[in-house]
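Beneath this line is the structure, given in structure tokens, with notes to follow.
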């Protein structure tokens, strides 16, 4: 099984869609908390700049694939009110996850993958 993977997504919130975005994010995070494989989900919103960032820590590549499978309707709802600006992935995702990210790259979203080097975890 692969190791933990950190994902940081950055979004521009569409004009006039801030409350719609926040509502969709609240619902998506509640769904992830109840059903998703994520170890951590944190979302940060800058109302004035109309930008948001989402941090997710996944236990494995398999968890990312499961997240994509079960959360698609919530992801679509969020994406109605924003545009993804970039995705930074930290860790060693599987080939299947990397292939799944190709659709973002084809849409012009910058995607970076940075392998892990050294660290530790508590708890």
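Taking the criterion of being out of contact with any helix residue (DSSP H, G or I) (no Cβ under 8 Å at 6 or more places or on another chain), in a helix (DSSP H, G or I) and farther than 20 Å from residue 105 by Cα, the residues of region 47-87 that qualify are 62, 63, 66, 73. If you go through region 112-119 one residue at a time, do you hit one that is touching a helix residue (DSSP H, G or I) at 6+ places or on another chain (Cβ under 7 Å) and either assigned to a helix (DSSP H, G or I) or closer than 28 Å to residue 15 by Cβ (or both)? No - not one qualifying residue is present in region 112-119. The residue pairs whose first member lies in region 99-123 and is farther than 19 Å from residue 85 by Cβ, whose second member is at pLDDT 95 or above, and whose beta carbons are closer than 6 Å, counting only pairs six or more residues apart or on different chains, are 115/92; 116/91. I'd like to check something: does region 100-109 contain any residue that is surrounded by 12 or more Cβ atoms within 10 Å (Cβ to Cβ) and not in a helix (DSSP H, G or I)? Within region 100-109, one or more residues are surrounded by 12 or more Cβ atoms within 10 Å (Cβ to Cβ) and not in a helix (DSSP H, G or I). All conditions but one from (1) touching a strand residue (DSSP E or B) at 6+ places or on another chain (Cβ under 7 Å); (2) outside any helix (DSSP H, G or I); (3) within 24 Å of residue 119 (Cβ to Cβ) apply to residue 12; the one that does not is (3). Condition check for residue 54 on (1) farther than 24 Å from residue 29 by Cβ; (2) surrounded by 17 or more Cβ atoms within 10 Å (Cβ to Cβ): one failure, at (1).
Taken together, 58, 84 contain a single residue that is farther than 20 Å from residue 13 by Cα, touching a residue at least 40 places away in the same chain (Cβ under 8 Å) and touching a strand residue (DSSP E or B) at 6+ places or on another chain (Cβ under 7 Å), which is 58.
The values are calculated or read from the model by the stated rules, or taken from the named source; none is laboratory data. For clarity, every value in this text was computed on a predicted model and none was experimentally measured. Here Cβ is always computed from backbone atoms with ideal geometry, including for glycine, and neighbour counts include all displayed protein chains.
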